[in-house]
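The next block holds one structure in the form of structure tokens; read it before the comments.
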Amino acid sequence: MRAKTALLGLARMTGAFGAFRAINRRRILVLTYHRFTDTPRPGRTSAADLAEQLDYLTAHYNVLPLSTVERSLREHQRLPSATAAITIDDGYADFHDIAWPILQRRKLPATVFAVTDFVDRKRWIWTDKVPFLIARTRAERLSVTVAGQRLEAALKRDSSRRGLASRINAILKNEPDDVKDEQIELLARQCGITLPALPPADYGACTWNQLRAMESSGIDVGSHTVTHPILTRVPEDRLRRELEESRRRLEEMLGHAVTLFCYPNGGYNRIVRDGVGRAGYRLAVTSDSGLNDATHDPLTFRRIQNEEEDLAHFVQSTSGFEEAKNALRSKIA
């Protein structure tokens, strides 16, 4: 791993990824972030790493609001060379507390996709519940059956706890909401932990006042549904409610039209994509990895994930090198 990191650093310093950046200068880079932290912490982008990444973007890209990208594409206007947009999913409070000031100092725009029931203090983001329980159990070993799959792990190290939580969530993503809830309640009993009805501060959301304040200084707010379900696994009537009611709530609380959307957990298919269009959204982002041509379907925009990346990996993934490498691998396979 150290050798690979060193090679990546050398490639960055010698401009190897600059060639890929130049080749892709007419394509649109959309970046994804979720959680932020003042000090290094697994699963979150540190303030220092974010600042370094943003300085790199400022030096090499034209960072535009995602709403400007959408409008330019819709009106067939030519975007600047090396266009980039920054997006943040879910709307956690640490975006306001940690990332927003860093963006402000650089006068950079971004889009935060908010889960309206989360902002309204009505629910957790469901993927946080399992990590919360596993991190706090006093058990040194845990053996659980999740949706028929037996999982077992020693819990002496934090990394083991994070790994088990990740495996459980990966299984639960494919289950209906009622099964998720039952499985999480069972896990809570096995862990000997009472799950709070609402998330504690470390898992909490921005407030509406915070979202309004950020909007006044270059932050767009888009929809991430009402409850953050995986949309490919809900019936069509609920799909419609998740799309329409979240947009309606955002517009009610923010006082303007909302036309940007983000698919929870990246889950979409043709039915979901078409539903997003019918609900009035003009651009939607996925978890599909890659850059976007000007002719790409605006309701299935690709993004580049950035959590926990050092600058060398960040430069590699944003340049388009990773996309080209994966395309070559798929051809060989």
- Message: Applying a 10 Å radius around every beta-carbon, put 96-105, 311-320, 35-44 in order of their mean neighbour count, most first.
- Response: 311-320, 96-105, 35-44
- With +1 on each Lys and Arg Cβ and -1 on each Asp and Glu Cβ, and nothing else charged, work out how big the dipole of segment 73-214 is about its Cα centre, in Debye to the nearest 20. 520 debye
- Note on the structure: Cα-based Rg and Dmax for segment 15-140, in Å, come out at 17.5, 59
- Query: Among 160, 87, 126, whose Cα sits farthest toward the positive end of the charge dipole of segment 79-183 (+1 at Cβ of Lys/Arg, -1 at Cβ of Asp/Glu, about the Cα centre)?
  - Reply: 160
- Specify the inter-centroid distance of segment 111-139 and segment 28-88, based on alpha-carbon positions, in whole Å. 24 Å
- Item | Label-point separation in nm, residue 197 to residue 149, each point 7 Å along Cα→Cβ | 3.3 nm
- May I ask you to order 203-216, 257-270 by the average number of other C-beta atoms within 10 Å around their residues, highest value first? 257-270, 203-216
- Helix-derived mean residue ellipticity, 222 nm - over the chain, DSSP H n ≥ 4, -39500 (n - 2.57), to 500: -13500 deg cm²/dmol
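For the chain, what does the accessible surface come to per residue with a 1.4 Å probe? Please give it in Å².
Value for the chain: 47 Å² per residue.
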- Query: In whole Å, what are the Cα extents of segment 262-333 along the three principal axes, biggest one first?
  - Reply: 40, 29, 23
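Based on Cβ point charges of +1 for Lys and Arg and -1 for Asp and Glu, what charge dipole magnitude is obtained for the chain about its Cα centre, in debye rounded to the nearest 20?
780 debye
State to the nearest 20 debye the size of the charge dipole of segment 77-122 about its Cα centre, where the only charges are +1 on K and R beta carbons and -1 on D and E beta carbons.
360 debye
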- Volume per residue (Å³) of the convex hull spanned by the alpha carbons of segment 237-294 is 100 Å³
- Item | Percent of beta bridges antiparallel (DSSP, the chain, rounded to nearest 5) | 25 percent
- Task: Kindly give the semi-axes, whole Å and largest first, of the ellipsoid equivalent to the chain, taking each as the square root of 5 times a Cα gyration tensor eigenvalue.
- Result: 31, 26, 20
- Burial order of peptide ranges 221-230, 70-79, 168-177, 240-249 (average beta-carbon count within 10 Å, highest first): 221-230, 240-249, 168-177, 70-79
- Whole-percent carbon and sulfur share, accessible surface of segment 126-256, 1.4 Å: 45 percent
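The values are calculated or read from the model by the stated rules, or taken from the named source; none is laboratory data. Because the structure is a prediction, the values reported are computed rather than measured. No Cβ is skipped: glycine too gets one built from the backbone with ideal geometry, and neighbour counts run over all protein chains shown. Calculation scope for accessible area: heavy atoms of the full protein, side chains included, ligands and nucleic acids excluded. Shrake-Rupley method; radii C 1.70, N 1.55, O 1.52, S 1.80 Å.
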